[in-house]
Amino acid sequence: MSHLVPTFTWEQTVDTDAHRVTRTRRAAGIRVYLRRPWFSSGDDELLAVVLDPGSRLPAELVTRCGIDPVWADDSVLPRLRPANFPNAAGTATGRTLAETVGGAPATVSVATFAPVYDTQLGLWSCDIDVNLGDLADSPAYYPFLRPALARYQPYAVEPLHLSKVVTGEYVQLMPERTVTAAMTADGRIHIELSGPAAANDVGEFTGPGREGAAASRRVVATVQQRPSTAGDLEWTPADATAELTCTPRGTGFIWTGDLTPPPGRFPSPTRHRLLIEESETCFTDRTTATATVTAGGVTRPVSRRLVHADFFGLTTTVFGKVVLEE
């Protein structure tokens, strides 16, 4: 195995009647890059994600998942099953491990995936989608996944289907994010960001509930501009920025706000877009701090880490107004 990276997909829907655009980042799973040659056991060799069928096998032999203890996240993530890997090429149960457990054979469940060769990197890779929907009591915020992987030959005789297990490094699965932008009757843009979120130590320092969630992250909407003939590296902030407000919704929170676009002219020599940035707020030392938080008369330094960014196209109407591009 070479390395792992998280994967995700983007979706966009447009409601022209409501002048609303919705963009969603959906969590997909992980991409596994494999360093070694493939098909050493013959054609049809697959990569297997090795799963505990419920017999409490040693942790180093099966795939594990869990919540990030840094966050006040009460999601429950029990044992993974083959059904939690929706894009698997196949699944199997009762496959015998190449290793013994306590000196005796042990069986596992597997979800299998076909490797694809990446000519640029010179590595084999597998995209492994992970859906924790039927496991979690509530959507988890950045849960950890530690895969246990093996080569799998579906046409081998029992008990020779699996190679020895290799454990991958820990990787965090991306939380889903939905951002909606809609034009209001008075020409402003109403923005909402939603998705799994949790409070960290900054939130616990600030207070429970909405105060803690609001202190744990910052969501900012900014209109950017660049000359029509310029490239994507030349976007700069225009004079239009809004920090979104944390608001309770259901059992969680959303971030909402309104932004007034800058004046434009038609035909416009400048292109515009709406950038949405979500950053986690973390305690730090004073030499690297970019802000502070105060609670109970105590002020502490913090910095921010960008965890989500997306943008919406803006266009200029014949009346010289900058509006959402639908």
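The values are calculated or read from the model by the stated rules, or taken from the named source; none is laboratory data. Quick caveat: nothing in here was measured; it's all calculated off a predicted structure. With ideal geometry, Cβ positions are generated from the backbone for all residues, glycine too; neighbour counts draw on all protein chains shown. The protein model used for the area step is the full one, side chains on, heavy atoms only, and it has no ligands, DNA or RNA in it. Shrake-Rupley method; radii C 1.70, N 1.55, O 1.52, S 1.80 Å.
Open to solvent by 40 Å² or more (accessible area, probe 1.4 Å), outside any loop (DSSP other than H, G, I, E, B), modelled with pLDDT under 95 and in contact with a Ser or Thr (Cβ under 6 Å, 6 or more places away or on another chain), is that true of ARG26? Yes, satisfied. Taking the criterion of being without any contact (Cβ under 8 Å) to a residue 24 or more places away in the chain, out of contact with any Asp or Glu (no Cβ under 7 Å at 6 or more places or on another chain) and among the hydrophobic types (A, V, I, L, M, F, W, C), would at least one residue in the range 143-158 satisfy it? The answer is yes, given that some residue of the range 143-158 is without any contact (Cβ under 8 Å) to a residue 24 or more places away in the chain, out of contact with any Asp or Glu (no Cβ under 7 Å at 6 or more places or on another chain) and among the hydrophobic types (A, V, I, L, M, F, W, C).
Within the range 285-324, the set of residues being among the aromatic types (Phe, Trp, Tyr) and part of a strand (DSSP E or B) comprises PHE311, PHE312. On the stretch given as the range 104-156, residues that are outside any strand (DSSP E or B) and touching a Phe, Trp or Tyr at 6+ places or on another chain (Cβ under 8 Å) total 6. Among the residues examined, ASP74 does not qualify as closer than 30 Å to THR315 by Cα, of a type outside the set (A, V, I, L, M) and either touching a residue at least 12 places away in the same chain (Cβ under 8 Å) or open to solvent by 80 Å² or more (accessible area, probe 1.4 Å) (or both).
Can you confirm whether the range 51-66 contains a residue that is part of a strand (DSSP E or B), under 23 Å from the mean Cα position of the chain (by Cα) and basic (Lys, Arg)? Yes, there is a match, as at least one residue in the range 51-66 is part of a strand (DSSP E or B), under 23 Å from the mean Cα position of the chain (by Cα) and basic (Lys, Arg).
Residues that are of a type in the set (A, V, I, L, M) and under 22 Å from VAL179 (Cβ atoms) were ranked within the range 311-326; the one that is surrounded by the fewest Cβ atoms within 10 Å (Cβ to Cβ) is VAL323.
Counting only residues that are small (Gly, Ala, Ser) and more than 9 Å from GLY264 (Cβ to Cβ), how many does the range 308-326 have? Total meeting the criteria: 2. The number of residues in the range 41-99 being closer than 13 Å to PHE144 by Cα, β-branched (Val, Ile, Thr) and touching a Lys or Arg at 6+ places or on another chain (Cβ under 9 Å) comes to 1.
Once the range 77-99 is narrowed to residues that are in contact (Cβ under 8 Å) with a residue 60 or more places away in the chain and of a type in the set (A, V, I, L, M), the residue that is most open to solvent (accessible area, probe 1.4 Å) is ALA98.
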